[in-house]
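J.: The structure that follows is given in the form of structure tokens.
Every number here is computed from the coordinates shown, using simple stated rules; none is lab data. In this text the structure is predicted, and so the values were computed from the model without any measurement. Cβ placement follows ideal geometry from the backbone for every residue including glycine, while neighbour counts extend to all protein chains displayed.
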């Protein structure tokens, strides 16, 4: 480690500083200031909380906001519940080639864009889709069934899209748990549930937290999946931001919505880190 | 629950069935997307009307295939261009960042590191609007004060590249840092000891060691850029990258052409994956 | 008659075509320290894991206190194991580690706390219960791992090379400590190791294992002085080993021609035939060295050579002597003190040892 300041240090610091200041820090300060502007006349602005007041006064906005948060938390929980047994199987049950093959198989869907994945679900779930045809063929449905455009289909898509970001950190933390520690648990009289509760899950906690944080953020900020699988009335907060910016051209209100989304995601990430005693560097790095 | 602990065969069987079901869930959407690219019909849905290559090679309306659809090919070109720009920038800054965080100790290093990670935690759509708002303010100020219209600051490819770069750079930094951390610094000292100067030592010893990570960071950055939707959506101008172009078409209703495009994307990604595995093996 | 704490009958384990454990039977009497000594890959770990329940024998039976445990799950067996790398739970503090098994037995909290405190006192670490495992030294972790098992009062404690990870000094110390702990807890210990000095120092009985089967079971002295097979003679303690062919037999003794000499030694086994290949083992401390050949007149085997190297190591110093004829190198203990001690490289030396000090194993003609 060098601690003296030479020209090399500043040369290395400069690009980092340019990137963070010009593309992250100033744009967000700018966004914050914009969200506090109230249009009072043509090209006339005043600083006020009017945009935030609009948000509070309009039940649709608040409802959408709360709904996005709750659905994202639900999607995160589901992803964890579905992904954990799979990650455990890959890390602890599969051996040799099977292990690496299964792990790679988990990654495959995420080499293609979210758009393609969502498109796949549309083909499967829509009225004329594969699942509907299958149900009719099997005699479980008498006519075409529309499985798309409801909350369940949004959930299916969100869980699918996020799975990788849950399974990968879980596999790597579970992999680092020595088998002999689990054996010691059994040897000392532990049962499978007690070993899961007292040994496996505490050990996997960093992986669980980082997986949950990433999945939660991806769900919260998702735009494609709710729009395409949830249809026009999917009521996702990112849609409000998009429409304020691109359709209604009300950037001030859009900026306020953007900030609210950022605030919500930060608060929940911060709370998750605090509750689990983790740090951002450890979970993301 | 590890292989050395005896289990009941029933539990074992249920667990395996669950894993099989999970992988079916993962594979199903991709399989249907691929299969319906060959459906001899105007719609990517059942009933199956027979096999056709039209959606790849057809050249007459209404069956214009992937290789003859100008707008799609142009969008692919745009995506590749944006992807390459973003990746070059991200790998370059990722490398300098990795050296900075690995080799220097300075006040505020921890805080700077957290700030560096933040772009990953900011929703993509918020990154998009913040850059959109900032660039517009700059452009407005430039216009109001000196009547100079800076085209680059209006929604378009430059902003798309900057927007994607703003968070892809973090990923590239993390990938390259991880490799640099495992580098044995005594190798560099050995090079100095054998007569190299500091820069030559880095160039001849450290950079070759980092090569697999640089290649990996490039491929990952390219993929992140190619697949990005949220940030791009807010910054895009008239030249739409592929994901945006496909999204617009999908809103109008889908034809198997989109399946054909998706299948080509899958093939492209697999090719990239193979390239990356080859690099890692070296 | 009371059944031994642990009995293995014709224990066998196959992995595909390879046989890791080949028809092994042994009894471990209550309260004894029993070691299985063998090179890595000889199957000793497999035996231990079968006893703990982590592997299923292909055939044979394992009985604890006279009852077969083959159909008992590992978490229900009355044996506990100290793992090779200890496998202390890193997510719990010391007290929770020791109390883990007691909590599984649904013991009342205050009682668990008392037992944990007692165990900590017993291993000489009172008051460390609140500490994290990572804050302990190697030797302390060792003792915690043992205490974690001992609070459960197992019928047999299994120890899988637990000293392997420690440095030499600490290992020496822990050998003595383990023996003391075993006496203090008065529990049957089954210890496996590839380190002969660990086995020799601590054990009441040792089984030498090679390629899946037991070569010999006996006390440390037994194995050292009366090895029954060439493997045991070569593996336990240090020995000079020569190969040669048998020329004649005279009662218990046998003559073997090696490239540089004719050696007379005790014969192991009764069968022999002239010209058969044989291995002869003589311990370095059994060989006398002298500048005067006359001083060695009483010995059955006498040899002249030149000092090739001196390996100084305090009381365990050795001389390497190259024989005059042939090219054998013979290791001899350096005589301590006295006038004869100042040997130097290139000196001519005479070596002698009695025919009772050597043991010869005839390779059975196949």
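J.: Can you pull the mean other chain C-beta count within 10 Å for peptide B:5-12?
T.: Working: counts 12, 9, 3, 0, 0, 0, 1, 1.
Rounded to a whole number, the mean comes out at 3.
J.: Estimate the FRET efficiency between residue A:194 and residue C:302 by the formula 1/(1 + (r/R0)^6), using the beta-carbon distance for r and 51 Å for R0, to the nearest 0.05. Mind dumping the intermediate values first?
T.: Details: r = 70 Å, r/R0 = 1.37.
Once rounded, the FRET efficiency stands at 0.15.
J.: Using the count of nearby Cβ atoms within 10 Å as a rough guide to exposure, how do A:223, B:15, B:113 rank from fewest to most?
T.: If I rank by nearby Cβ atoms, fewest first, I get B:15, B:113, A:223.
J.: Can you tell me what share of the DSSP beta bridges in region C:6-232 is antiparallel? A percent to the nearest 5 is fine.
T.: Working: 21 of 39 bridges.
Bridges in region C:6-232 that DSSP calls antiparallel: roughly 55 percent.
J.: Calculate how steeply helix C:109-122 sits against the longest principal axis of the alpha-carbon atoms of chain C, using the helix alpha-carbon long axis, and give the answer as 0 to 90 degrees to the nearest 10.
T.: 20 degrees
J.: Can you work out the FRET efficiency for the pair residue C:70 and residue C:363, with r the C-beta to C-beta distance and R0 = 41 Å, to the nearest 0.05?
T.: Values: r = 38 Å, r/R0 = 0.92.
Between residue C:70 and residue C:363 the formula returns 0.60.
J.: Run a plain Debye calculation on region B:63-102 (Cα atoms as equal point scatterers, no solvent) and give log10 I(q)/I(0) at q = 0.19 Å⁻¹, rounded to two decimals, same order as the q list.
T.: For region B:63-102 at q = 0.19 Å⁻¹, log10 I(q)/I(0) is -0.62.
J.: What's the extension gain from residue A:179 to residue A:52 if we count 0.36 nm per residue and subtract their Cα-Cα distance? All intermediate terms of the calculation are to be shown ahead of the outcome.
T.: Details: separation 127, 0.36 × 127 = 45.72 nm, distance 5.32 nm.
Extra length from residue A:179 to residue A:52 when fully extended: 40.4 nm.
J.: Before anything else, pin down the relative contact order of region C:10-120: Cα pairs under 8 Å, at least 6 apart, normalised by residue count, whole percent. Write out the running numbers ahead of the final one.
T.: Working: 90 pairs, mean separation 20.8, N = 111.
About 19 percent, as a whole number.
J.: Which residue fluctuates the most in chain A, going by a Gaussian network model with Cα springs under 10 Å, if the choices are A:102, A:80, A:148?
T.: A:102
J.: Over the Cα atoms, compute the radius of gyration (one decimal) and Dmax (the largest Cα-Cα distance, rounded to a whole number) for region A:31-88, in Å.
T.: Calculated on Cα positions, Rg and Dmax stand at 19.1, 60 Å.
J.: Then there is this: Under a 10 Å cutoff between Cα atoms, tell me which one of C:195, C:222, C:347 has the largest fluctuation in the Gaussian network model of chain C.
T.: Maximum among the listed residues: C:347.
J.: Where the centroid of each part is defined by its Cα atoms, how far is region B:186-242 from region B:129-151 in Å?
T.: Cα centres, region B:186-242 to region B:129-151: 31 Å.
J.: Sticking with this structure for a sec: Which percentage, to the nearest 5, of the DSSP beta bridges contained in the protein assembly as shown is antiparallel? Let's see the in-between values first.
T.: Values: 70 of 93 bridges.
That works out to approximately 75 percent antiparallel.
J.: Just to check, using Stokes-Einstein with a Kirkwood Rh over alpha carbon pairs, what's the diffusion coefficient of region A:1-60 at 20 °C and 1.002 mPa s in µm²/s? Walk me through the numbers before you get to the answer.
T.: Values: Rh = 15.0 Å.
For the chosen part, D equals 143 µm²/s.
J.: Same structure again: If you average the alpha carbon positions of region C:134-176 and of region C:302-331, how far apart do those two centres end up, in angstrom?
T.: When both Cα centres are located, 39 Å separates them.
J.: Take every Cα pair under 8 Å in region C:6-232 that's 6+ residues apart, average their separations, divide by the length, and report that relative contact order as a whole percent. All intermediate terms of the calculation are to be shown ahead of the outcome.
T.: Values: 418 pairs, mean separation 65.3, N = 227.
For region C:6-232, the relative contact order is 29 percent.
J.: Based only on Cα atoms, what mean projected area does the convex hull of region B:1-60 have, in nm²?
T.: Values: hull surface 25.6 nm².
If I average the Cα hull's projected area over directions, I get 6.4 nm².
J.: Largest first and to the nearest Å, give the Cα extent of region A:1-155 along each principal axis.
T.: Projected onto the principal axes, the Cα atoms of region A:1-155 cover 67, 56, 24 Å.
J.: Note the angle between two axes, namely the Cα long axis of helix C:94-104 and the longest principal axis of the Cα atoms of chain C, as a number of degrees from 0 to 90, rounded to the nearest 10.
T.: 70 degrees
J.: For region B:150-282, just run the numbers: alpha carbon Rg, then divide by 2.2 N^0.38 Å, N being how many residues it has. Kindly include the intermediate steps, with their values, before the conclusion.
T.: Numbers: Rg = 20.0 Å, N = 133, 2.2 N^0.38 = 14.1 Å.
Cα Rg divided by the expected 2.2 N^0.38 Å: 1.42.
J.: Related question: Take the alpha carbon atoms of region C:238-362, find their radius of gyration, then divide it by 2.2 N^0.38 Å using N residues; give the quotient. Kindly include the intermediate steps, with their values, before the conclusion.
T.: Numbers: Rg = 14.6 Å, N = 125, 2.2 N^0.38 = 13.8 Å.
The value comes to 1.06.
J.: Please give the direction-averaged projected area of the C-alpha convex hull for region C:3-161, in square nanometres with one decimal.
T.: Taking a quarter of the hull surface, the average projection is 10.2 nm².
J.: Can I ask one more? Which order do the peptides C:78-87, B:177-186 take when ranked by the mean count of other beta-carbon atoms within 10 Å per residue, highest first?
T.: Packing order, densest peptide first, comes out as C:78-87, B:177-186.
J.: I need to check one value: relative contact order of region A:51-284, counting alpha carbon pairs closer than 8 Å and at least 6 residues apart, in percent.
T.: Details: 241 pairs, mean separation 62.7, N = 234.
Relative CO of region A:51-284 lands at 27 percent.
J.: OK, next. Please give the per residue volume of the convex hull enclosing the alpha carbon atoms of region B:72-240, rounded to a whole number of Å³. If you can, show how the numbers build up before the last one.
T.: Values: hull volume 24.9 nm³, N = 169.
Enclosed volume per residue, from the Cα hull, is 147 Å³.
J.: What would the Debye equation give as log₁₀ I(q)/I(0) for region C:84-129 at q = 0.24, 0.25, 0.27 Å⁻¹, counting only Cα atoms as equal point scatterers?
T.: The calculated log intensity ratios at q = 0.24, 0.25, 0.27 Å⁻¹ are -0.89, -0.94, -1.04.
J.: Output the antiparallel fraction of DSSP beta bridges having both residues in region C:238-362, as a percent to the nearest 5. Intermediate results must be reported in sequence, preceding the final value.
T.: On the way: 42 of 46 bridges.
Bridges in region C:238-362 that DSSP calls antiparallel: roughly 90 percent.
J.: Compute the Rg to Rh ratio over chain C from the alpha carbon atoms, using the Kirkwood formula for Rh, and round to two decimal places. Don't skip to the answer; put the middle values down first.
T.: Numbers: Rg = 24.9 Å, Rh = 23.3 Å.
Here Rg/Rh amounts to 1.07.
J.: Under a GNM of chain B (C-alpha, springs under 10 Å), which listed residue has the highest mean-square fluctuation: B:230, B:140, B:97?
T.: Highest fluctuation of the listed residues: B:140.
J.: Evaluate the Kirkwood expression for the hydrodynamic radius of region B:38-152, namely the inverse of the mean inverse distance over all pairs of different C-alpha atoms, and round to one decimal in Å.
T.: Details: mean 1/r = 0.0509 Å⁻¹.
Computed over Cα pairs of region B:38-152, the Kirkwood hydrodynamic radius comes out at 19.6 Å.
J.: Would you mind computing Rg(Cα) / (2.2 N^0.38 Å) for chain A, counting N as its residues? All intermediate terms of the calculation are to be shown ahead of the outcome.
T.: Values: Rg = 23.5 Å, N = 285, 2.2 N^0.38 = 18.8 Å.
Relative to the 2.2 N^0.38 Å estimate, chain A comes out at 1.25.
J.: Measure nothing but the geometry: give the 0 to 90° angle between the long axis through the Cα atoms of C:138-150 and the longest principal axis through the Cα atoms of chain C, rounded to 10°.
T.: Tilt of helix C:138-150: around 60 degrees.
J.: Further, regarding this structure: Within 10 Å of each residue's Cβ, count the other Cβ atoms and sort C:49, C:143 from fewest upward. Walk me through the numbers before you get to the answer.
T.: Details: C:49 19, C:143 23.
Fewest-to-most Cβ neighbours within 10 Å comes out as C:49, C:143.
J.: Across bins of 5 angstrom width beginning at 0, how are the C-alpha pair distances of chain B distributed, in whole percent?
T.: P(r) over chain B, rounded to whole percents: 1, 5, 9, 11, 12, 12, 12, 11, 10, 8, 5, 3, 1, 1, 0, 0.
J.: What do you get for Rg/Rh of the protein assembly as shown when both radii come from the Cα atoms and Rh is the Kirkwood radius? Walk me through the numbers on the way to the answer.
T.: Working: Rg = 37.4 Å, Rh = 34.1 Å.
On the Cα set of the protein assembly as shown, Rg over Rh gives 1.10.
J.: Could you put B:57, C:34 in order, starting from the residue whose Cβ has the fewest other Cβ atoms within 10 Å?
T.: On the way: B:57 14, C:34 24.
Lowest count first: B:57, C:34.
J.: Can you give the translational diffusion coefficient of region C:1-96 in µm²/s, computed by Stokes-Einstein from the Kirkwood radius over Cα pairs at 10 °C and 1.306 mPa s?
T.: Details: Rh = 14.7 Å.
Translational D for this selection: 108 µm²/s.
J.: Hey, how many Å between the Cα centroid of region B:18-34 and the Cα centroid of region C:42-117?
T.: Region B:18-34 and region C:42-117 have Cα centres spaced 41 Å from each other.
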